[in-house]
Each structure stands twice: as structure tokens, then as C-alpha cells.
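What follows is a short report on a single structure.
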């Protein structure tokens, strides 16, 4: 089976991780945690970075932190078709989610639908599949609104020339095994606001303040969301490969898109970039008109190609089904959408095989 | 500085971890996750084991799971002098904590103080510093009470000939870097009850049921608490060394205790094992009569010996200070208690140096 994703570890890519093991610094302290933070600080222009054991944990830090400052903003505007880990930490923290339907062009939140009823609420942005929402534009439109970003799929992308995430009050990234850059499991919480940083730091490390008076006296409730030095060392190697990974993915994305547009222009569609943004090219997705994902899946499974569906509408999930919201576009995208293998080391001949099978599937559909 | 703890990685101990890296299975799947589960299943006699990214996460799974079955038991009896990660996940899940003071002999919960007012509540057991509470005895005494165990410090210990944890409805362990066996960061949730297992499994893996109908449709709220294959591989090497580690620690504990009893019998005291139990010998602790930990700390710091205080009473922590409970014994223990370095590779001459300094400190105290 051709997997939908696998991480990119060419020869030597894991040498820092071997070195971290050799040093026996395998737990929550060690030089690679610092080295990674330094590299990320250069990219994002802030020292307020907390490395975590998952993107979900980083989102939880965002949920805890936001509500400390904006007690009254526990009413959160969210997209309605994202990975559940974007919503769950906010549900856990008692937020009321106000989902807005997706936009057929971008597959992201349709911000034209942010209406008067949403004013005064905080807004959670998610960059679906790496397609970047233009947050600077939105901030100019809604100047007094706190913005936070689940940038777990967006790392590597940009808006108005700045790395995604950096226009928000806080943002998160994921370094899970299926992300462009991975630490195995892992993530990061990032902010430009000292107060947010200190609050998140406290919850991250068992409720101990950064400048705790007495070790083992805990100032507040907390969790253990620490990344390990080995995970950081894996990530350190990945950061060196960042340009190479993005380049390789860009080539695959371009090959797919130009082929599919050439052969099936009227039968398929793609998530399109918003003006002023550059995608992180996380996962290659397309919509196949009149397709049903569960049928497509069977077809591709039978040809040894793993696929993924587009994220389902929020109300499809057991614990979120009572939420009332429009899901018209999200429904279409999760029905017609399909995510194809697009990992950096995907060979050209395998890409060709996948493209051939996609064209075959779409061709069969049009005969029905 | 002689550290209070460091993990035991003799030559070759991390060879499986190097192998996991070499395989590039560095994320949430891989053979070492299965191998570790098999080894642990032999020790604990159950297949219902969930490997996590921390002991705190494992405790959170216990808190989520317990309240699903025992809605009315969100009133939880807890010890009043343990590491905060035993309490916090229950606080997060809305439990009301009913702390019971420590017992001067064992430094654990004083179960003679479990009174009529506690009947009908669930009981959380914690094995402080590895000194094991006799849970089988307690279960006979309170037959209709759910018991859960934070066995994070107890792994390696036993009660009535059975490994600690195994007499409870659910238990957790920690594989943090300062534990007898480590995976770097990590832990496990363990149960003998299928329903508990399935509930915990769901929360552990983003709310997907073990037998989910449709991938990416999530049945319930969840988190990402997964251990990585690299962490599991570190742990796999540690499990092979388990007897060696326990043996080395036992020798250090015995040397300390016999020396201190010989030289200072009336001036010091130790956590004593409950009848029918065997300690995991996690951390060596002693009480020094009339000592104040913060003064002791200064003394040992100045001689290059890192120490730790005994866990503070629950009401010393910022977010738990409103809880009303007796803390008389816990206060004395956290004032007079001190935890000394006792890691497996601690050399004899270093032990001798530490013992000399302890005797010196206690001698100085008696001159005052």
C-alpha cells in the first residue's frame, strides 16, 4: 500500500537523535530542546515558544491561556471542517463553539460569513491541509478581536510574506509523524505576549511558574506537556531539511495539479490559495464532482493507494452533534474530497501511477 | 552536583532506541510499542494496557474513565501529601477531593482515618516514594469501594506477593526520566476491566473507538496521549534491566538505612513498609527530627549534593489551598523529610560521602 504520508528521513537525518540517545539525555532536558527553540525563534521572531508532546497539547495550552485573559470570550468562532484536535481542547475548557461553514474555493472558514452575531468573540483560525487563511487581512477587518491559530497543518506556509501563525495572539504547530516536519510526536505553543507565555508555561509544566519561589510548591493546576530531548533532536534534523522538504512537496503538488487540470478540468476542483498567501503544501487534496469518498476509498484501496477523506463537518462527530450550524459546503467537501499521497520521497513513477488511477476513477464516474 | 536522580543506561541499554530510529518508525506506531506491551502484559496479567506520553496523562485517563461509570463517585478520597500530578487530573475533571492525612510510620495515606464520612466514595491510592500501600487489605476492609492507584512511584514494588497496581480497578505508572524504569517521558494506564479499557482507549486516541466504524469520524471527545515507538524502545531496554536496577537500588537503600540507624537512631526516622508489602525503592527518604528542609537543602547544596523535599501538604499549592483537611502529619514530614540521591549507578564512595554529610548535618543540628 502506498501510504498517504511518511516522514522524510534521508541518510543522516536522524543523526542528532542518535546523538541525543548517546548522551543519555532522553527526557525533558537536554541541548536539543534549546537548539530547536533557537531555530524556531529565528523563524517566528519570538522567544515565547513552548515545545510540547503534541499539537493537541499545544492547542490545550492555547485554550487554557485565552480564557484567563478573556473570561468573557469563551464564545469562540471556529471553522466547521477541521481535524477534531482543533476543537476538542476548547470543548474541554468549556468554550462555546460557533462554527462557520467552509468556503468552497479555499476549503477553509468562509470569513465572509463572519457576521454581526460573531463580533466580540475570539476567532480560531485553522489552515486546512496547509492552505493558508490570510489572517493579517482578517485582523484589519476585525481589529478588536483576539485571533488564535491552529497552525498545525500550516507550518511552512505564509501570509503577506510572514510565516503563518505570526499574525495571531497565539498559535500552535504540530510535529506529528504525518506533518511536513516531525519530532515523532510533538508540537509547539507560540506567542508574542509575555503574559500568555507565562500562563501557558505554568500549565505545561505541572503548574510551576517560570520563576517559582519554591521547587515542588505548585502555583496552579497544570499538566505534563513536555517534549523530550530525543524528540527535539529528531526535529532539529528536520529543520535543516525544511527547504528540501518544501521543495519536494511543491514539485509533487504542481505535477498533480497540472496533470489533473489538463485531463479533467471540469470534473475536479482544488483548495485554492487566498490572495497574499502561500500554502505549506501539507496534504494534496482535490474534489471530484459527484464522487462519494467511501466509494473512491474502495477503488484506491483496491489499487494499493491509501487515501484520506477531507475532514468531516463538526456535527458528524459523536460529541459535537448537538452543535447547530450550517454545514452545506463542509458536507460537499467531505463527500467529494479526497487526499492523495504526497510525501517528499514519493517517487515520480509512483506519482504517475497514482495520477493514472485518479484519472481512471474519474473517468469511470463520468460513464455512470 | 550529585543529582538526586539519573536514569540507568549502561552500555547497550539504548540499542533498541537506536534501532527504532534506524527503522524510521519514530512516531505513534512501531514494533517496540507492541513488544513493550507484551512484556508489561506478562508482569501485570492483563492485555488492557495503554502506553501514554506521561504518567500525568495516564492519571487523566483514569479520571475520565472512573467518572463515566461512577457518576456519583466524583467524591474521591485521596492522600494529602503526594506529587501534584496525582490530584490535578481529577481536579480538572471536576472531582471533589477528600484528602486524608499521612501516617507518620509509612508516609502514605493513614487509612485508619478513613471514616464513615468516606464510605461510598472512590479511593485513590498513591505509593509515596515507592513505599507500597497494602491495597488487597484495604479492599477486604472496604469491599464495595472502587479503588484506583497512582502507581507512578510504585512500579517494581508489591503487596501480598502481587505487583503493585494489580489489586485495583485501574492503575497508572510513570516512565519519566527520574523513575526506576524510564522511556524518557511516558507512562501507562492499566486495567482488568474491558469497559474501562475501551473508555480510556477512546480518550487516549482523539476520541476514536477501538473499533471505530469510519476512520476520522470521532465518537467522543479525546486527546493525544500516545507514546512514541522510540520511547517504547528506550523502555524495552529498561525492562531487560529491571532486576539489575532494583538490585542496585536495594543495596543503596540498605547501606543508607543501616548506617543512619547505627549512628543516629534516635534522631532520624524512615518511611516503613506496611506488613505484606515490598517497596519499589524509588527514592530514599528520611526524616530528621527538628530539621527544617530549607536549611538542610542549603547545607547539602553547599556540599554539592542535590536533595528533594518530601511532597508538601495539598493545601500548600496555590490552586488547592481552599481544600479543608487535616495536614498535621504531612506538615511534619515535609518539614523534616529529605530525599537523598539513590540512583542505580551511584558509586559507593559517593554514597559514603553523602552519608558522611548527612551525619555531619544531623550532628550540627543536635549541637544547637
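Read-outs: derived from the displayed coordinates by stated rules, not from any lab. Every value quoted in this text rests on a predicted model; they were computed, and no experiment measured them. Every residue, glycine as well, gets a Cβ built from its backbone with ideal geometry; the counts of neighbours run over all protein chains shown.
Only Cα pairs within less than 10 Å get springs; with that Gaussian network setup on chain B, which residue of B:353, B:159, B:293 has the largest fluctuation?
B:353
In a GNM of chain B with a 10 Å cut-off on Cα contacts, which of B:109, B:252, B:132 has the highest mean-square fluctuation?
Result for chain B, Cα springs under 10 Å: B:252 fluctuates most.
Using only the Cα atoms of region B:306-368, build the gyration tensor, take square roots of its eigenvalues as a ≥ b ≥ c, and label the shape rounded, prolate or oblate: rounded if a/c is under 1.5, else prolate if a/b is larger than b/c, else oblate. Please list the in-between numbers first.
On the way: a/c = 4.21, a/b = 1.85, b/c = 2.28.
Note, shape of region B:306-368 comes out oblate.
In a Gaussian network model over chain A where Cα atoms closer than 10 Å are linked, find which of A:154, A:205, A:165 has the largest mean-square fluctuation.
A:205
Counting only DSSP beta bridges with both residues in the protein assembly as shown, what percent are antiparallel, rounded to the nearest 5?
On the way: 46 of 80 bridges.
Around 60 percent of the beta bridges assigned by DSSP in the protein assembly as shown are antiparallel ones.
Can you give me the Rg/Rh ratio for region A:15-240, using Cα atoms for both radii and the Kirkwood formula for Rh? Could the numbers behind the result be given before it?
On the way: Rg = 17.3 Å, Rh = 17.8 Å.
Over the Cα atoms of region A:15-240, Rg/Rh equals 0.97.
With a Förster radius of 56 Å, plug the Cβ-Cβ distance of residue B:332 and residue A:47 into 1/(1 + (r/R0)^6) and report the FRET value to the nearest 0.05. Could you put the intermediate results ahead of the total?
Working: r = 42 Å, r/R0 = 0.75.
The computed FRET efficiency comes out at 0.85.
Would you kindly work out, in nm and rounded to one decimal, the distances from the label point of residue A:290 to those of the same position in each other copy, ordered shortest first, with label points 7 Å along Cα-to-Cβ?
9.4
Give me the log10 of I(q) over I(0) for the protein assembly as shown at q = 0.05, 0.08, 0.09 Å⁻¹, as the Debye formula computes it from C-alpha points; what are the numbers?
-0.26, -0.66, -0.82
State whether region A:216-368 is rounded, prolate or oblate according to the following rule on the C-alpha gyration tensor (a ≥ b ≥ c being the square roots of its eigenvalues): a/c under 1.5 gives rounded; otherwise a/b larger than b/c gives prolate, and the remaining case gives oblate. The partial results should precede the final answer.
On the way: a/c = 2.21, a/b = 1.35, b/c = 1.63.
The shape class here is oblate.
Provide the percentage of antiparallel DSSP beta bridges, counting only those with both residues in region A:118-173; round to the nearest 5. Don't skip to the answer; put the middle values down first.
Working: 2 of 10 bridges.
Roughly 20 percent of the DSSP beta bridges within region A:118-173 come out antiparallel.
Where does the protein assembly as shown land at 222 nm, in deg cm²/dmol rounded to the nearest 500, when only DSSP H runs of n ≥ 4 count, each adding -39500 (n - 2.57), divided by all residues?
Computed mean residue ellipticity for the protein assembly as shown: -12000 deg cm²/dmol.
Can you list the copy-to-copy distances for residue A:115, using a point 7 angstrom from Cα toward Cβ, in nanometres, shortest first?
Values, ascending and in nm: 6.0.
Relative contact order of chain B, please, whole-number percent, based on alpha carbon pairs below 8 angstrom and at least 6 residues apart. Intermediate values should be presented prior to the final figure.
Values: 747 pairs, mean separation 87.4, N = 368.
Reported relative contact order: 24 percent.
Once a ≥ b ≥ c are taken as the square roots of the eigenvalues of the Cα gyration tensor of region A:163-232, is the result rounded (a/c under 1.5), prolate (a/b larger than b/c) or oblate (a/b not larger than b/c)?
Note, shape of region A:163-232 comes out oblate.
Out of all DSSP beta bridges with both ends in chain A, state the antiparallel percent to the nearest 5. Provide the component values of the computation, followed by the final result.
On the way: 23 of 40 bridges.
Given both bridge residues lie in chain A, the antiparallel proportion sits at roughly 60 percent.
State, to one decimal in nm, how far the label point of residue B:325 lies from the label point of residue A:366, with both points 7 Å from Cα in the Cβ direction.
A separation of 7.0 nm, rounded to one decimal place.
Quick one: with label points 7 Å out along Cα→Cβ, list the inter-copy distances for residue B:242 in nm, shortest first?
Nearest to farthest, the other copies are at 4.3 nm.
Would you mind ranking A:60, A:317 so that the residue whose beta carbon has the fewest other beta carbons within 10 Å leads the list? Mind showing how you got there, number by number?
Numbers: A:60 28, A:317 21.
Result, fewest neighbours first: A:317, A:60.
Which residue in B is nearest the B/A rotation axis when you measure from the C-beta atom, and what is the distance in Å?
B:53, 2
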